[in-house]
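The values are calculated or read from the model by the stated rules, or taken from the named source; none is laboratory data. Predicted, not measured: the structure shown is a model, and the values here were computed from it. Reconstructed Cβ throughout: ideal geometry from the backbone, glycine too, with neighbour counts over all protein chains shown. Keep in mind that these areas ignore ligands, DNA and RNA; they rest on the heavy atoms of the full protein, side chains included. Shrake-Rupley method; radii C 1.70, N 1.55, O 1.52, S 1.80 Å.
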Amino acid sequence: MLKKSSLAVWGAALFIAWNGLLLLFLWSRPTADPDGSSSRRLTADVVRLAQEAEAELERQKALLLQLHRLSGAWSRRHRGALWPPNLTVAAAAPPPPSLPSQPTDAAGPVLPVLVLACDRSTVRRCLDKLLRYRPSAQRFPVIVSQDCGHAETARVIASYGDAVAHIRQPDLSDIPVPPEHRKFQGYYKIARHYRWALGQVFRSFRHRAAIVVEDDLEVAPDFFEYFQAAFPLLLADRSLWCVSAWNDNGKEQMVDVAQAELLYRTDFFPGLGWLLLAELWDELEPKWPRAFWDDWMRQPEQRRDRSCVRPEVSRTMTFGRKGVSHGQFFDQYLKFIKLNDRFVPFTQLDLSYLKKEEYERSFLPKVYSAPEVKVEELQGNRRRELGAVRLQYSGRDSFKAFAKALGLMDDLKSGVPRAGYRGIVSFVYRGRRVYLAPPADWAGYDPSWS
C-alpha cells in the first residue's frame with residue numbers, strides 16, 4: 001500500500017509540474033497576432049514541449065518502476081527470500097563485505113537448495129518433487145544453476161516461473177585438458193560449474209549453508225525435514241563437514257526400512273544430496289580442483305579426519321543413467337537404491353547421539369561386542385540366533401572379497417570404504433544387521449588401498 005501511495009504522489013507531482021509549465025508558457029505568449037504567425041509558432045512550441053514532457057515522463061516512470069522493483073527485492077530479502085524468484089543471472093560479482101548476512105526466517109534457518117543442471121530436460125522430475133515436498137518457499141528457495149546452454153532444459157526450468165530461480169553458468173567454452181584426459185572433458189566442466197554455482201550461493205547471495213543436488217536426483221518426502229534437523233548438528237560439531245541424503249549401500253535388501261530414522265557418521269563423502277556450510281566453501285574454494293571434484297573431496301588433505309552424517313535409508317535416488325560417467329555403477333548398484341517413503345519427524349528427535357564423542361561411546365562397543373562370524377556362515381544363513389554379527393577383514397584384499405561376496409560396493413577412495421566409519425560398514429544381509437569391520441585396534445585408513 002505504501003509503495004502504491006508513493007507512486008501516486010510522484011505521478012501527481014509530475015502532472016502538476018507539466019500543467020504549470022504549460023500555463024507559464026501560455027501566459028508569456030504575445031497578445032497581438034495580425035497574420036497568425038504567432039499562433040502557428042505557439043502550436044509548434046506546444047507540440048515540442050509536449051513531446052519533451054512526454055519523454056521526461058517516460059524516463060521518470062522507468063526510474064520509479066526500477067525503484068519499486070529494488071524496494072520489493074530488498075523487502076523480500078529481509079523476509080527470507082533470496083531475490084526476485086524469476087530473475088535470471090548470467091554472472092554476479094561478489095558483494096562487498098558490508099552487505100548484510102544471509103537472511104533467516106522466524107520459523108528456522110534459510111537453507112537454499114542448489115540444483116546443478118545441464119542438458120537433462122528430465123530435471124522436471126527433480127524439481128517437481130522438490131517443490132512438492134518443501135514446507136516453505138521462503139526457508140527453502142530453489143536455485144537452478146544451468147550449465148551447457150541447452151535450450152530445451154532452459155525452457156523446462158523457465159516453465160516453473162517464480163517457483164524457482166534460474167541462474168546460468170556464463171562460461172560454456174571448452175577447457176584445455178591434458179591429451180590423456182580428452183575423454184574426461186565433461187568432468188572438467190562439471191567441476192567448473194560447481195565452483196561457479198557454489199560461488200553464487202555463498203559469495204553473491206551470502207547464504208549461511210546450502211543443500212546441493214544434481215538434476216538427476218529424486219528426493220524423499222522428508223528430505224527437507226532431514227536437513228533442517230541436521231543443520232544445527234553440523235554447526236555444533238566441527239568434526240562433521242557435511243550431511244548427506246545418500247547411503248552408498250542403500251539397496252532395499254541391505255537396509256532396515258523399519259528403522260528409517262536411523263542415522264550414521266561416515267568418513268566417506270557420499271554426495272548425492274548434501275548440505276555444507278559457507279565456512280567449508282571458504283576453505284575449499286581457493287584450492288577447488290579442475291576435475292573429479294567428488295573424488296578430490298575424499299582425499300585426506302580435504303577430509304582432514306572429518307565425517308559426514310548419512311541415513312540408513314537414502315533420502316535421494318538417482319534416475320540419471322546417462323551422463324559423463326556413462327552409467328558407471330548405475331546398472332549394478334545405483335538403480336536399486338531404496339528411496340525412503342515414510343516421513344520421519346527428524347526435527348522432533350534428539351540427534352545428539354551423532355556427535356563424535358557420544359557416537360563412538362555407543363557405536364563402537366555395539367560393533368565389537370557383536371559375535372564374529374565367517375562369510376560362509378552369512379551366505380548360508382546360519383547362526384541366525386546371534387542377531388547382529390560382525391565380519392572382520394584384515395586388509396584391502398579381504399575387504400574387497402567380502403564386499404563382493406555380500407553385494408556391497410567394494411571400491412575404496414583414499415582407503416575409505418563407502419559408507420564406512422573407522423573402517424566399519426554397517427548393512428543388512430538376509431534380514432540381519434552385519435558390521436563389516438577391521439580389527440578393534442584399527443590404526444587409520446591406508447590411502448594405498450585405493
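The table for this structure:
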| item | result |
| --- | --- |
| Qualifying strands (runs of 3 or more DSSP E) (wholly inside region 145-260; at least 1 residues being in contact with a helix residue (DSSP H, G or I) (Cβ under 7 Å, 6 or more places away or on another chain) and under 30 Å from residue 407 (Cα atoms)) | 209-214, 217-219, 240-244 |
| Pairs with Cβ under 7 Å, 6+ apart, first in region 159-181 and open to solvent by 30 Å² or more (accessible area, probe 1.4 Å), second part of a helix (DSSP H, G or I) and of a type in the set (S, T, N, Q) | 174/185; 177/185 |
| Hits in region 408-450 - residues which are open to solvent by less than 10 Å² (accessible area, probe 1.4 Å) and among the aromatic types (Phe, Trp, Tyr) | 421, 427 |
| Residue in region 352-361 that is touching a residue at least 12 places away in the same chain (Cβ under 8 Å), under 25 Å from the mean Cα position of the chain (by Cα) and under 21 Å from residue 257 (Cα atoms) present | yes |
| Test set (1) open to solvent by 50 Å² or more (accessible area, probe 1.4 Å); (2) free of Cβ contacts under 8 Å to residues at least 40 places away in the same chain - residue 154 fails condition number | (1) |
| Members of region 217-274 that are open to solvent by 20 Å² or more (accessible area, probe 1.4 Å) and at positive phi | 272 |
| Meets criteria (open to solvent by 80 Å² or more (accessible area, probe 1.4 Å), under 24 Å from the mean Cα position of the chain (by Cα) and of a type outside the set (D, E, K, R)) for residue 329 | no |
| Complete set of residues in region 362-386 that are in contact with a strand residue (DSSP E or B) (Cβ under 8 Å, 6 or more places away or on another chain), open to solvent by 30 Å² or more (accessible area, probe 1.4 Å), under 20 Å from residue 256 (Cα atoms) and part of a loop (DSSP other than H, G, I, E, B) | 371, 383 |
